[in-house]
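See structure below.
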Amino acid sequence: MDVVFRADLPVYAYAGGKPFDPALPCIVFIHGALNDHSVWTLLARWFAHHGHGVLAVDLPGHGRSSGPPQASVEAAADWLLALLDAAGVAKAALVGHSMGSLIALEAAARAPERATRLVMVGTAYPMKVSDSLLDTSRDDPLRAIDMVNAFSHSGFAAKPSYPGPGAWLHGADRALMRRVQAGQKGVNLFHHDFGVCNAYAGGLQAAAQVRCASHLVLGERDQMTAPKQAREIGQALRATVHTVPAGHALMAEAPDAVLAALRKALS
Amino acid sequence: MPGHSDPGFDTLALHAGAAPDPATGARAVPIHLTTSFVFENSEHAASLFNMERAGHVYSRISNPTNAVLEERVAALEGGAGAIATASGQAALHLAISTIAGAGSHIVSSSALYGGSHNLLHYTLSRFGIETTFVKPGDIDAWRAAIRPNTKLLFGETLGNPGLDVLDIPTVSALAHEHGLPLLVDSTFTTPWLMKPFDHGADLVFHSATKFLSGHGTVIGGVLVDSGQFDWAAAFAAHGRFAELAQPYEGFHGMVFAEESSVGAFLLRARREGLRDFGACMSPHSAWLILQGIETLPLRMARHVENTRKVVQFLAAHSMVASVGYPELESHPSHALAKRLLPRGCGSIFSFDLRGSRQQGVAFIEALKIFSHLANVGDCRSLVIHPASTTHFRMDDAALAQAGITAGTIRLSIGLEDADDLIDDLKRALKIAEKAGA
């Protein structure tokens with residue numbers, strides 16, 4: 001669905017294969033760096049067909065949403081809350097992956113009365129990016145995509161594949177990142193997104209503002225955001241931790257396990 | 001972190017898509033010969049049917065053994081995913097039928113396998129899909145043939161019968177300029193010799209019967225999607241591909257390009273094409289092809305090595321008028337082959353024997369190692385004489401029109417000792433020479 005936000009900056013959100021109903025308990029899914037809504041579609045589709053209103057957004061400058069990318073996690077959180085206003089959503093569970101998990105955290109802190117749950121998937125705080133990877137993302141983004149893609153997958157055969165059998169996860173994720181990168185002509189989006197993750201310093205202060213129940217869903221073989229790197233933010237949020245057998249691309253590698261964790265988190 | 005990347009080709013040929021079986025610990029890929037898969041409960045069943053969860057339902061749509069093959073070929077091609085089909089022809093049909101229907105148009109290279117030409121020229125035209133054939137090297141002809149209802153450009157990496165090398169960078173750039181995808185038949189080259197996606201192709205298919213299987217034991221095909229073609233953008237710009245960018249009532253009103261930004265084509269191909277046309281692969285066939293792929297890098301290197309020796313021998317023989325292999329400077333695609341096929345131009349080629357149709361027959365019948373049959377890409381060396389078999393109804397003038405002479409012989413070079421192959425050819429050429437005396 002296209003969300004009416006600003007007429008000159010169309011925003012896209014996947015509604016799970018059903019018309020979006022703002023009267024239903026709402027879940028907002030927020031993707032990570034150089035991704036789009038399609039990393040969530042199986043999960044979003046399941047929740048949309050099980051009593052929820054679902055918005056899996058494309059962040060500005062990503063996928064089908066136009067406009068420049070938001071300059072910081074804080075700015076993206078403000079954008080997200082404004083999007084909820086535009087969609088007629090008073091309260092929502094906020095579920096974010098990687099960079100999206102920081103945006104969910106910050107949004108839950110800025111409007112604690114509107115967040116019914118906070119779920120941070122494949123997360124770490126601080127989400128520091130190594131200088132060498134930042135440099136590669138600036139100088140040779142396609143090379144950096146290959147590096148991150150290799151780091152994000154825990155093996156060669158995560159079954160039953162995403163979104164279904166026959167998908168080669170390494171290739172599909174590489175194609176998605178290349179597509180999203182190519183969609184921004186004037187900005188090196190990969191370098192921008194990594195910079196946003198790297199610069200975010202307000203996580204612990206944000207955690208102190210969050211009032212809803214919080215959950216972390218972590219890939220036990222995640223090399224991008226290793227589970228131990230989420231310990232401090234998890235403690236600050238007093239979050240329930242769910243681990244799934246996957247790497248950083250855990251929605252693709254273990255969609256059933258992530259679904260089980262989200263069902264617990266959002267019940 | 002720098003230096004870390006996906007594994008190399010040989011590693012992927014052995015491991016991509018497969019892991020030790022979690023139920024039994026089996027290291028090799030199990031053959032899942034089952035039609036169906038038990039649901040955990042009614043809710044699980046409903047969520048599988050509604051694509052809320054991933055999994056297997058019925059082996060016409062997907063199967064765990066086939067899925068390993070699909071992921072492996074996709075990995076080797078550098079694609080986003082693949083679908084295994086009953087044959088290479090089924091893969092071509094699935095590619096076309098997913099995005100084209102009555103009123104659609106295709107621009108195709110004229111240098112095609114006869115079966116593909118039959119499908120495009122005769123059979124699909126009965127269903128309202130029209131094809132314009134152009135010479136693969138004539139880029140102006142490609143451009144002129146594109147119409148508002150064109151859905152696809154199509155060619156072979158090495159075209160039949162003369163091994164014209166398809167200029168994939170140029171043809172794909174033209175296709176993309178018009179918001180169209182380029183489909184490539186990569187059967188003759190395999191991803192070991194060339195990855196068409198690296199040069200701009202959007203879809204690739206194989207007759208897996210040939211080199212991927214490699215042992216002449218199985219019929220099968222694989223259709224691979226690069227995930228790079230933006231169907232939604234093409235729909236927005238040109239109004240094409242509503243099949244992927246608009247709700248499809250035949251599958252829950254799904255908009256495939258919304259469900260998967262890079263997997264929309266394969267979603268529809270599987271959820272409609274395999275479901276309704278049903279040209280799926282047997283899991284047993286998938287397993288045989290997987291066995292072949294595990295040694296693909298080793299076999300392709302040997303195929304090319306042997307072929308170069310045989311080409312060299314034939315090019316110097318007095319009974320041979322010409323050899324059509326792109327590594328030879330005399331071949332019209334020589335420069336393009338050097339650029340796109342640096343590892344070699346495969347192991348299938350034709351040469352022209354001096355002499356009559358009867359001498360061609362005598363040559364074929366004198367061979368001991370080469371098998372006279374209608375296939376290519378086997379580990380065993382193969383031969384066919386078009387004038388006395390596939391094109392036997394044609395007179396000499398008609399043969400010339402098709403680029404074939406009475407003495408044209410097609411070889412598919414196998415993995416035997418190259419010296420034995422050359423000895424076999426040398427002896428048969430002698431007998432053919434005597435037959436003309």
Original post:
Which is more than 20 Å from A:LEU250 (Cβ to Cβ) and acidic (Asp, Glu), of A:ASP131, A:ASP193?
Top reply: A:ASP131
Subject >> Residues being in a helix (DSSP H, G or I) and in contact with a helix residue (DSSP H, G or I) (Cβ under 7 Å, 6 or more places away or on another chain) - total across the range B:278-304 >> reply: 10
**OP:** Being assigned to a helix (DSSP H, G or I) and touching a Ser or Thr at 6+ places or on another chain (Cβ under 9 Å) is the filter here, so list the residues in the range B:81-114 that pass it.
**Re:** B:GLY88, B:GLN89, B:ALA91, B:LEU92, B:HIS93, B:LEU94, B:ILE96, B:GLY114
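Suppose we keep only residues that are in contact (Cβ under 8 Å) with a residue 40 or more places away in the chain and in a helix (DSSP H, G or I) within the range B:177-206. Which one would you say is surrounded by the fewest Cβ atoms within 10 Å (Cβ to Cβ)?
Per the criteria, the residue is B:ASP198.
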**OP:** Please state which of the following conditions B:HIS56 fails to meet, knowing it meets all the rest: (1) out of contact with any Gly (no Cβ under 8 Å at 6 or more places or on another chain); (2) over 27 Å from B:GLY250 (Cβ atoms); (3) within 11 Å of another protein chain (Cβ to nearest Cβ).
**Re:** (2)
**OP:** Please go through the range A:79-126 and pick out each residue that is over 22 Å from A:LEU24 (Cα atoms) and over 14 Å from the mean Cα position of the chain (by Cα).
**Re:** A:ALA109, A:ARG110, A:TYR125, A:PRO126
**OP:** Considering each of B:GLU249, B:GLU243 in turn, give the residue that is free of Cβ contacts under 8 Å to residues at least 24 places away in the same chain and in the same structural domain as B:THR187 (by TED's automatic domain parsing).
**Re:** B:GLU249
Original post:
What are the residues in the range B:250-270 that are under 12 Å from A:TYR14 (Cβ atoms), more than 7 Å from every other protein chain (Cβ to nearest Cβ) and outside any loop (DSSP other than H, G, I, E, B), if any?
Top reply: B:ALA257
Original post:
Do we find that B:THR98 is touching a Gly at 6+ places or on another chain (Cβ under 8 Å), more than 10 Å from chain A (Cβ to nearest Cβ) and among the β-branched types (Val, Ile, Thr) in this structure?
Top reply: yes
**OP:** Inspect the range A:88-106 for any residue being among the charged types (D, E, K, R), buried (at least 24 other Cβ atoms within 10 Å of the Cβ) and closer than 22 Å to B:GLY81 by Cβ and give the result as yes or no.
**Re:** no
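Residue-wise test of (1) in the same structural domain as B:ILE409 (by TED's automatic domain parsing); (2) within 19 Å of the chain's Cα centre (by Cα); (3) at pLDDT below 95.
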site: B:SER285; (1), (2), (3): no, yes, no
site: B:HIS334; (1), (2), (3): yes, no, no
site: B:ARG339; (1), (2), (3): yes, no, no
site: B:GLU365; (1), (2), (3): yes, no, yes
Original post:
Going through the range A:137-163 one residue at a time, which ones are facing chain B (nearest Cβ under 7 Å), closer than 30 Å to B:SER59 by Cβ and touching a Leu at 6+ places or on another chain (Cβ under 7 Å)?
Top reply: A:SER161, A:TYR162, A:PRO163
Subject >> Scan of the range A:98-131 for residues that are out of contact with any His (no Cβ under 6 Å at 6 or more places or on another chain) and over 16 Å from A:ALA207 (Cβ atoms), ordered by number >> reply: A:SER98, A:MET99, A:GLU113, A:ARG114, A:THR116, A:LYS128, A:VAL129, A:SER130, A:ASP131
Subject >> For B:SER87: the one exception among (1) crowded, with 24+ Cβ neighbours inside 10 Å; (2) over 16 Å from B:ILE293 (Cβ atoms); (3) among the polar types (S, T, N, Q) >> reply: (1)
Original post:
When the residues of the range A:19-43 are filtered to those that are surrounded by fewer than 17 Cβ atoms within 10 Å (Cβ to Cβ) and without any contact (Cβ under 8 Å) to a residue 40 or more places away in the chain, which remaining residue is nearest to the other protein chains (Cβ to nearest Cβ)?
Top reply: A:PRO19
**OP:** Go through the range B:27-60 and count every residue that is among the hydroxyl-bearing types (Ser, Thr, Tyr), under 26 Å from A:ALA260 (Cα atoms) and surrounded by fewer than 16 Cβ atoms within 10 Å (Cβ to Cβ).
**Re:** 3
Subject >> Evaluation of A:ASP131 against (1) of a type outside the set (Lys, Arg); (2) closer than 19 Å to A:VAL258 by Cα; (3) within 14 Å of chain B (Cβ to nearest Cβ) (one fails), failing number >> reply: (2)
Subject >> Candidate set: the range B:61-77, residues that are buried (at least 24 other Cβ atoms within 10 Å of the Cβ) and not in a helix (DSSP H, G or I); chosen: the one farthest from the other protein chains (Cβ to nearest Cβ) >> reply: B:ASN63
**OP:** Restricting attention to the range A:219-255, report how many residues are surrounded by fewer than 18 Cβ atoms within 10 Å (Cβ to Cβ) and either part of a strand (DSSP E or B) or without any contact (Cβ under 8 Å) to a residue 12 or more places away in the chain (or both).
**Re:** 6
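The values are calculated or read from the model by the stated rules, or taken from the named source; none is laboratory data. Only a predicted model underlies this, so the values are computations on that prediction, with no experimental measurement involved. All Cβ positions, even for glycine, are placed from backbone atoms using ideal geometry, and neighbour counts span all protein chains on display.
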